[in-house]
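Everything on this sheet refers to the single structure shown next.
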Amino acid sequence: MALWDTQVLCLMFLLTGAVSQRVIYSDPVCGVRGSTVTLPCTFTPNTVAQDGGEVLVEITRVLWCQNHQICQGSTPTVYDNTLLNNPNNPRYRYLGDTKGNCTLQISGLKEEDDATLRFRMEDEQKLSFYAGQPGVRLTVDDETQMKILSSRDGELERGEAVALTCTTECSFHQLEVTWFRDGHALPYTGPSLHLGPLKAEDSGNYTCDLKNTVGTLSHPFSLNVEAGEEEQNPHTDCCSVPLIVGVVVGVLLALCSLILALCIIRRYSDKNQSAVREEAGPKPDDDVSSNVQQGGAIEAEDDVSYAPIQFRARSQARPVEEADDAIIYSSVVGRG
Ligand SMILES: *[C@@H]1O[C@H](CO)[C@@H](O)[C@H](O)[C@H]1NC(C)=O
Ligand SMILES: *[C@@H]1O[C@H](CO)[C@@H](O)[C@H](O)[C@H]1NC(C)=O
C-alpha cells in the first residue's frame with residue numbers, strides 16, 4: 001500500500017515535470033524571398049528536485065531543425081549552439097539564450113527555408129531533452145505582389161498631404177522598396193512615401209516594387225491632385241484680363257474712329273460754310289450780320305453734321321441773291 005502510494009506520487013511528479021517543460025512558438029510566419037524574418041519563441045526547461053525544492057534543469061544545448069518531429073540524433077540542424085559560428089547555415093541567427101528565449105532570425109530568405117521549424121533543448125548529460133510541438137510554419141513567398149495603400153480617401157487638393165504605403169501580407173523586412181510615378185523611378189526608398197504639400201505635378205500613376213526581387217511590382221495607384229479654389233481664381237483672372245483689355249481697346253478704337261469721323265465732317269462742313277460765305281459775298285454794310293453768322297458758327301462747335309447740308313439745301317432751294325438777311329437767318333436757325 002505504501003509502495004503503491006509512492007509509485008503514484010512518483011508518476012504524478014514525472015507527469016508534472018513533463019508538463020512543466022514547454023516551448024511556445026509564434027503564429028505562422030511569411031516572408032518575401034530575400035527578406036529577414038524573426039521567429040519569436042520562448043521555452044521553459046524541465047525541473048528537478050534538489051535540496052528539497054524544485055529547480056530548472058540547466059540547458060546546455062539549444063538547436064533548431066526543419067521538418068522533423070523531435071530533431072534528435074543525426075537530424076540536420078539549421079542552428080546548433082554547440083557548433084561554432086553555425087556552420088550549417090550562417091543565415092540562421094539565434095537571438096535567444098539557454099534560459100528561456102529561443103528566438104530565431106533568418107536573413108536572405110530562400111525557397112529552401114520554407115519549412116516547419118522546431119526547437120530542441122538538452123541538458124549536459126542528455127537526461128533531459130525536449131522538442132517543442134507543433135513547431136512554427138515558415139512560408140517563403142517568392143512572387144508576392146505589393147500593393148499601395150493611401151492614408152487618404154477621396155479627392156486630394158493642392159497643398160494637402162498624403163502618405164502612400166507599399167505593403168504585402170508577407171514580411172519584407174530588410175528589403176528596399178522602390179517607387180515610381182508614371183514608370184519613372186522616384187529618388188526615395190522606404191515603405192512609406194510621404195507627399196505634400198501636394199502640387200498638380202504630383203498627379204500620376206504610382207507603383208512600388210521590392211528591389212532585387214521579381215514579380216513584386218504593385219498595381220498602379222492613381223493619384224489626382226484637384227486644383228484647389230486658390231488655383232481656380234487666378235485661372236479665371238488670367239483669362240478675363242485679355243477680355244477686359246480687348247473690350248477697353250475696342251471701345252477706345254470706336255471712340256477714336258468717331259472722333260476722327262467728327263473731325264473730318266467738321267472740316268468738310270467748315271469748307272462748305274466758307275464756300276457759302278464766299279458765295280454770299282462780303283458786303284460793306286453787312287458787318288453786323290457777318291458777326292452774327294460767325295458767332296453762330298462758333299456756337300455750332302458741337303453741332304451735328306447734317307446742319308450745313310440742311311443749310312446748303314435751303315440755300316440751293318432759295319436763291320442766294322434773294323436777301324442777305326434771309327441767308328443769315330437760315331444759317332443761324334440751321335445751326336441753332
Ligand atoms: C527574446 O529575445 C529577442 C531578441 O533578443 C527579444 O527581442 C525578445 O523580446 C525576447 N523575448 C522575450 C520573451 O524575452
Ligand atoms: C493612369 O492610368 C490610367 C489607366 O491605366 C490612365 O487612364 C491615366 O491616364 C493614367 N494617368 C496618368 C497621369 O498617366
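The values are calculated or read from the model by the stated rules, or taken from the named source; none is laboratory data. Note that this is a predicted model, so its numbers are computed, not measured. The accessibility values were calculated without ligands, DNA or RNA, using every heavy atom of the protein model including side chains. Shrake-Rupley method; radii C 1.70, N 1.55, O 1.52, S 1.80 Å.
Accessible surface of GLU176 in the full protein assembly, 1.4 angstrom probe, to the nearest 10 Å²?
Taking all protein chains as shown, GLU176 has close to 80 Å².
Can you send over the solvent-accessible area of LEU195, 1.4 Å probe, protein chains only, in Å² to the nearest 10?
Solvent-accessible area, nearest 10 Å²: 20 Å².
Gap in Å between the Cα centre of the stretch 42-96 and the Cα centre of the stretch 135-162?
38 Å
Which order do ARG267, ARG152 take when ranked by solvent-accessible area (1.4 Å probe, heavy atoms of all protein chains), largest first? Write out the running numbers ahead of the final one.
Details: ARG267 185, ARG152 80 Å².
The most accessible residue leads, giving ARG267, ARG152.
Would you kindly give the portion of the calculated P(r) for the stretch 8-162 that falls above 26 Å, as a percent of all Cα pairs? Please report the intermediate quantities before stating the final value.
On the way: 4699 of 11935 pairs.
Percent of Cα pairs beyond 26 Å in the stretch 8-162: 39.
If you wrap a convex hull around the Cα atoms of the stretch 114-205, how much volume per residue is inside, in Å³?
159 Å³
How much accessible area does HIS219 have with a 1.4 Å probe, in Å² rounded to the nearest 10?
120 Å²
I need the Debye-formula profile for the stretch 142-190: one equal scatterer per C-alpha, no solvent, reported as log10 I(q)/I(0) at q = 0.17, 0.19, 0.26 1/Å, two decimals.
For the stretch 142-190, the Cα-only Debye profile gives -0.65, -0.79, -1.19.
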